[in-house]
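The structure under discussion appears below in the form of structure tokens.
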Amino acid sequence: MFKRVIFYLTDSKVYHIIPGGEYDYDKYRTLCGFHYRRVKRPNLYYDAKLGTHYFEQDGELVYSRRLCKRCTERLNQAEKIPFNLEFLAISPLRNLAVDFSAKAPIAVIVGAKGSGKTYTFLQTTLRQDWKTFVANVIGTDTAVSAHIAPILQSRNLGDNAKSIVENTRNRTLEYLDLDGPLDTALLVDHVRNGLDQNLHEGQWRERWLDIIAWGIGFETNQDGAGQNLVQSLRDQRKSIVAIFDGLEDIFQNLTSDTGQQVALRSLLQDVPEWLGQQPGRPVGLLVFVRQDMLLNAVIQNPGQLLARYEPYALKWDSEEALRLVAWISLRADKSVDLRTEQLQDIDAPGLVGQAQTKEGDKA
């Protein structure tokens, strides 16, 4: 049976650590036949050949490829995790909920590959209303009500995740009494047509606004639909939050294609600026984007844009990472002797003491 294990995560990898003890490296090499090297944490060993880590079982180093793989897959393929209304609200999400509890959010959520952008997109989408998201994150039910409108999403979503997106989109259509939205493939075609037309940033702003409107069935395929949607929602005293993810599927040549740079730059800068100026903010916006894509698209002063949205950036310090892995274990394997609501109040030493593998697990 596996004994107590400390989880540590950095650079999108999950490490399993056992404190204390000395190990016979030569014996380990002979028994397992794997290359290893010491890493920064004591008594943690890394298989350079297979890219996995090891921990202790009854005084010996034991290869646990399956356990490590299970955790890393849940972190890096978040769209395949079973979803429900319980999730771990890390610091960036708490910042987002606090800053936009009284108005619809307008923010660019930046993160490296594997940082949880798609997972956060799906968890936000699952809640269907911004008020519910804020309530789940910070525990207040006084936030503004704005229905979630997923516009673009990753093409690699699993069936469960696709159902979440579709259900939320249908709920928003019912709320707005609309039907006949363009599906994702047609919306992507409109983006690619814009790239062929060599639009400037102001034209791209209008194109993105129209794509938001077309994505929820408002004046489908009509130019100017985006601005008309904003006025229509204001007149009805209704609000939505448009959400974009999966932009890497469309913009695959950002380093060299100036047209793609202009298009993405407009979505990241011009569209948020324009929406933020609208009285009553009937349309909010969340754009999930990789940091390298932002840096390729925003030529002038990208640091200023990053600084503006820094509180919401999906970055993992060691304590948040420990908390995440403990939560994943709790959700997936029931292997941590904690309730989810307790995790927010436990510091790193406490998480280290509580994070355990499931009794009886096998390597």
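Specify the residue that is farthest from Ile212 (Cα to Cα); the eligible residues are those in the stretch 82-133 that are over 13 Å from the mean Cα position of the chain (by Cα) and aromatic (Phe, Trp, Tyr).
Taking the candidates together, the pick is Phe83.
Can you name every residue in the stretch 254-304 that is closer than 15 Å to Lys117 by Cβ and among the β-branched types (Val, Ile, Thr)?
Correct list: Val287, Val289.
Does Arg207 satisfy the criteria of being closer than 14 Å to Leu126 by Cα, assigned by TED's automatic domain parsing to the domain that holds Thr124 and out of contact with any Pro (no Cβ under 8 Å at 6 or more places or on another chain)?
Answer is no for this residue.
So for the stretch 284-291 (the condition being of a type in the set (Phe, Trp, Tyr) and buried (at least 22 other Cβ atoms within 10 Å of the Cβ)), does at least one residue qualify?
Looking through the stretch 284-291, at least one residue is of a type in the set (Phe, Trp, Tyr) and buried (at least 22 other Cβ atoms within 10 Å of the Cβ).
Results for (1) assigned to a loop (DSSP other than H, G, I, E, B); (2) closer than 16 Å to Ala104 by Cα, shown as yes or no for each residue.
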residue	(1), (2)
Leu199	yes, no
Gly202	no, no
Arg205	no, no
Ile212	no, yes
Gln222	yes, no
Val230	no, yes
Leu233	no, yes
Leu254	yes, no
Gly259	no, no
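Is it the case that some residue within the stretch 127-148 is in contact (Cβ under 8 Å) with a residue 12 or more places away in the chain, polar (S, T, N, Q) and more than 21 Å from Leu285 (Cβ to Cβ)?
Yes, the stretch 127-148 has at least one match.
Check off (1) crowded, with 19+ Cβ neighbours inside 10 Å; (2) of a type outside the set (Ser, Thr, Tyr); (3) farther than 27 Å from Glu166 by Cβ for Ala263 and give me the number that stays unchecked.
All conditions are met except number (3).
Among the numbered criteria (1) surrounded by fewer than 21 Cβ atoms within 10 Å (Cβ to Cβ); (2) at pLDDT 95 or above, which single criterion is violated by Thr340?
The number of the failed condition is (2).
Report the residue count in the stretch 243-289 for those that are at pLDDT below 95 and of a type in the set (Lys, Arg).
Number of matching residues: 0.
Asn228 is checked against (1) within 27 Å of Ser101 (Cβ to Cβ); (2) surrounded by fewer than 17 Cβ atoms within 10 Å (Cβ to Cβ); (3) of a type outside the set (A, V, I, L, M, F, W, C); (4) without any contact (Cβ under 8 Å) to a residue 40 or more places away in the chain and fails just one. What number does that condition carry?
(1)
Do you know which residues across the stretch 265-279 are part of a loop (DSSP other than H, G, I, E, B) and either within 23 Å of Asn296 (Cα to Cα) or not polar (S, T, N, Q) (or both)?
Of everything in the stretch 265-279, just one residue is part of a loop (DSSP other than H, G, I, E, B) and either within 23 Å of Asn296 (Cα to Cα) or not polar (S, T, N, Q) (or both), namely Pro279.
Condition check: assigned to a loop (DSSP other than H, G, I, E, B), touching a Gly at 6+ places or on another chain (Cβ under 6 Å) and modelled with pLDDT of 90 or more. Does Ser101 satisfy that?
So Ser101 fails the test.
The values are calculated or read from the model by the stated rules, or taken from the named source; none is laboratory data. Since the model is a prediction, treat every value here as computed from it, not as a measurement. As a convention, Cβ positions derive from the backbone with ideal geometry for all residues, glycine included, and neighbour counts pool all protein chains shown.
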